[in-house]
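Just below is one structure, and these are the notes that go with it.
The values are calculated or read from the model by the stated rules, or taken from the named source; none is laboratory data. None of the values given here were measured: they were computed from a predicted structure. Here the Cβ is made from the backbone with ideal geometry for all residues, glycine too, and neighbour counts use every protein chain on show. Surface accessibility is based on the protein's heavy atoms, side chains included, excluding ligands, DNA and RNA. Shrake-Rupley method; radii C 1.70, N 1.55, O 1.52, S 1.80 Å.
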Amino acid sequence: MTDLAAYAADRGIKYFMISYTDLFGGQRAKLVPAQAIAGMQQDGAGFAGFATWLDLTPAHPDMLAVPDASAVIQLPWKPEVAWLPADCVMEGEAVAQAPRNVLRRLVAEAAAQGLRVKTGIEAEFFLLSPEGTAISDAADTADKPCYDQQAVMRRYDVIAEICDYMLDLGWGPYQNDHEDANGQFEMNWDYADALVTADRHSFFKFMVKSVAEKHGLRATFMPKPFAGLTGNGCHAHVSVWDAEGRVNAFADPSKELGLSGQGRSFLGGIMTHAEGLAAITNPTVNSYKRINAPRTTSGATWAPNAVTWTGNNRTHMVRVPGPGRFELRLPDGAANPYLLQAAIIAAGLSGLASGADPGPCRDIDMYAEGHLVTDAPRLPLNLLDALRAFDADEGLKAMLGPDFSASYIRMKMQEWTDFTAHFTDWERRTTLDI
Ligand code: ADP
Ligand code: MG
Ligand code: MG
């Protein structure tokens, strides 16, 4: 096990950032001087849990965030600080609804079945002006800006700095591009075990925001920051391997699209639970302006509106881009990094257990012909629909854990209620003269 005091002495680290992620994806941290880390490595850092989104009250005892020393990352842009993802503990017990605990439990459940889930994510983001109201590059105005060479070079300083850091961290980054919306970018790195990917996803968001701020900009992962422009997706690529991580259990060249029977059942679980899953993969009010969206100026929504799957075709909720894996295109930039992975494993394992059938592989253009598909469920139209679908999905709730599911639905319903209490200009405009 990594001895954090020795790690600090070795690398000149002055502070550790002990960090946990709450139910709404907020990253909460304490900065702990290296001199005090030995005790904290053992016992954890104390937090008043109710002050964050964890469905706790002020009457609950203090919560301890116990760092996972094996996942420590020295901040490449501030090497005197090291980030430590932590697991929430209260009175000696794991806090059941804390997202990293939820994921660890599901990873352990897969391991108990001799399985290792490996995932890669594509966390798109926009670079904005510091106020967050407009994209940062006034010259980035093309109607079809995807892969725009000139525009990506105008943000070279930010993108290359982040990619250099990922190279140093050994994540295996392999490409960076300007995405389909003006001001939007994507950076890709190699897939890994689900917990590693979740920690990297959290750290990536922290790093992108930090480097953007350093350059006088603001980064956002908000699902649909601008009407009319493509939103921020967070596609997840998924495969399941044997316990040693050597043999891909999803790969079978003799089967349709190279997807094994196990792969089909796991995917069947995703398809069966998709409507409830959306409450986690698309967790905000704004998320539903990305899925079900009208076409953007670029001509595509890049986001699904129905529960369908296909081969190498980007108009469906799930795509099988090549043998041995599938891509879930539903999640957006607001998805909690830990709950995203947990929800995929929960739905997938339930599909494996029941031998779920993913339904027909459809080889059609869903943007052009989607309205002709009458035998596939539609994705939820708003957060309330999604929360109700999740609440009605007893199987998914049980797999994700009854305590977590109850806490999540309670907190998110409260968010929905806050939203509906908010008056909009649209209401006034359409109702004033009625
Ligand atoms: P695209 O834009 O075509 O959807 P990207 O190259 O942007 O694809 O992202 C692909 C992601 O899938 C990367 O994170 C990659 O490491 C990951 N990936 C590739 N193979 C697998 C696999 N077998 N299992 C899980 N993830 C994978
Ligand atoms: Mg991509
Ligand atoms: Mg993709």
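Condition (residue is in contact with a Ser or Thr (Cβ under 7 Å, 6 or more places away or on another chain), within 16 Å of ligand 3 (Cβ to nearest atom) and either charged (D, E, K, R) or under 30 Å from Leu106 (Cβ atoms) (or both)) applied to segment 180-189: is it met by at least one residue? Looking for residues that are in contact with a Ser or Thr (Cβ under 7 Å, 6 or more places away or on another chain), within 16 Å of ligand 3 (Cβ to nearest atom) and either charged (D, E, K, R) or under 30 Å from Leu106 (Cβ atoms) (or both), one finds at least one in segment 180-189, hence yes. Considering the conditions (1) free of Cβ contacts under 8 Å to residues at least 60 places away in the same chain; (2) within 13 Å of ligand 1 (Cβ to nearest atom), Trp309 is excluded by exactly one of them, (2). Applying the condition of being within 25 Å of Ala192 (Cβ to Cβ) and in contact with a Gly (Cβ under 7 Å, 6 or more places away or on another chain) to segment 96-116 and asking which residue is nearest to ligand 2 (Cβ to nearest atom) yields Arg116. Kindly establish whether Ile291 is touching a helix residue (DSSP H, G or I) at 6+ places or on another chain (Cβ under 8 Å), among the aliphatic types (A, V, I, L, M), in a helix (DSSP H, G or I) and more than 16 Å from ligand 2 (Cβ to nearest atom). No: the conditions fail for Ile291. No other residue among His201, His178 is within 16 Å of ligand 2 (Cβ to nearest atom), touching a strand residue (DSSP E or B) at 6+ places or on another chain (Cβ under 7 Å) and more than 30 Å from Ala71 (Cβ to Cβ) apart from His178. Scanning segment 392-417 for residues being open to solvent by 70 Å² or more (accessible area, probe 1.4 Å) and either touching a residue at least 60 places away in the same chain (Cβ under 8 Å) or under 19 Å from Asp22 (Cα atoms) (or both) gives a total of 5.
Against the criterion of being under 25 Å from the mean Cα position of the chain (by Cα) and either open to solvent by 50 Å² or more (accessible area, probe 1.4 Å) or free of Cβ contacts under 8 Å to residues at least 24 places away in the same chain (or both), Ser19 does not qualify.
Scanning segment 22-55 for residues that are under 23 Å from the mean Cα position of the chain (by Cα) and open to solvent by less than 40 Å² (accessible area, probe 1.4 Å) yields Asp22, Leu23, Gly25, Gly26, Gly49, Thr52, Leu54, Asp55. For segment 117-134, filtered to residues that are within 20 Å of Lys224 (Cβ to Cβ) and surrounded by fewer than 20 Cβ atoms within 10 Å (Cβ to Cβ), the residue that is farthest from ligand 3 (Cβ to nearest atom) is Glu131.
Across segment 188-198, which residue is least open to solvent (accessible area, probe 1.4 Å) among those that are within 14 Å of ligand 2 (Cβ to nearest atom) and in contact with a Gly (Cβ under 7 Å, 6 or more places away or on another chain)? In this case the residue turns out to be Trp189.
Here Asp143 meets the list (1) in contact (Cβ under 8 Å) with a residue 40 or more places away in the chain; (2) open to solvent by 30 Å² or more (accessible area, probe 1.4 Å); (3) among the acidic types (Asp, Glu); (4) within 16 Å of ligand 1 (Cβ to nearest atom) almost entirely, failing just condition (4).
Contact map, segment 171-187: residues that are within 12 Å of Gln149 (Cα to Cα) and open to solvent by 20 Å² or more (accessible area, probe 1.4 Å) paired with residues that are assigned to a strand (DSSP E or B) and within 12 Å of ligand 2 (Cβ to nearest atom), Cβ distance under 8 Å, separation 6+ or inter-chain. Pairs shown: Asn176/Phe185; Asn176/Glu186; Asn176/Met187; Asn176/Asn188; Asp177/Phe185; Asp177/Glu186.
Being on the phi > 0 side of the Ramachandran plot and either part of a strand (DSSP E or B) or more than 20 Å from the chain's Cα centre (by Cα) (or both) is the filter here; which residues of segment 144-174 pass it? Within segment 144-174, Tyr147, Gly170 meet the criteria.
One residue is enough: does segment 324-339 have a residue meeting the conditions in a helix (DSSP H, G or I) and within 14 Å of ligand 1 (Cβ to nearest atom)? So that I can check it myself, show each step before the final result.
Narrowing segment 324-339 to residues in a helix (DSSP H, G or I): 337-339.
This time we only want the ones that are within 14 Å of ligand 1 (Cβ to nearest atom), so: 337.
Yes: segment 324-339 contains one or more residues that are in a helix (DSSP H, G or I) and within 14 Å of ligand 1 (Cβ to nearest atom).
If you filter segment 232-259 down to residues that are open to solvent by less than 30 Å² (accessible area, probe 1.4 Å) and hydrophobic (A, V, I, L, M, F, W, C), you find that the one that is farthest from Pro358 (Cα to Cα) is Cys234.
Among residues of segment 175-205 being within 12 Å of ligand 1 (Cβ to nearest atom) and in a loop (DSSP other than H, G, I, E, B), the one that is nearest to Gly348 (Cα to Cα) is Tyr191. For segment 362-387, a residue qualifies if it is surrounded by fewer than 18 Cβ atoms within 10 Å (Cβ to Cβ) and not in a loop (DSSP other than H, G, I, E, B), and the qualifying residues are Tyr367, Ala368, Glu369, His371, Leu372, Arg378, Asp385.
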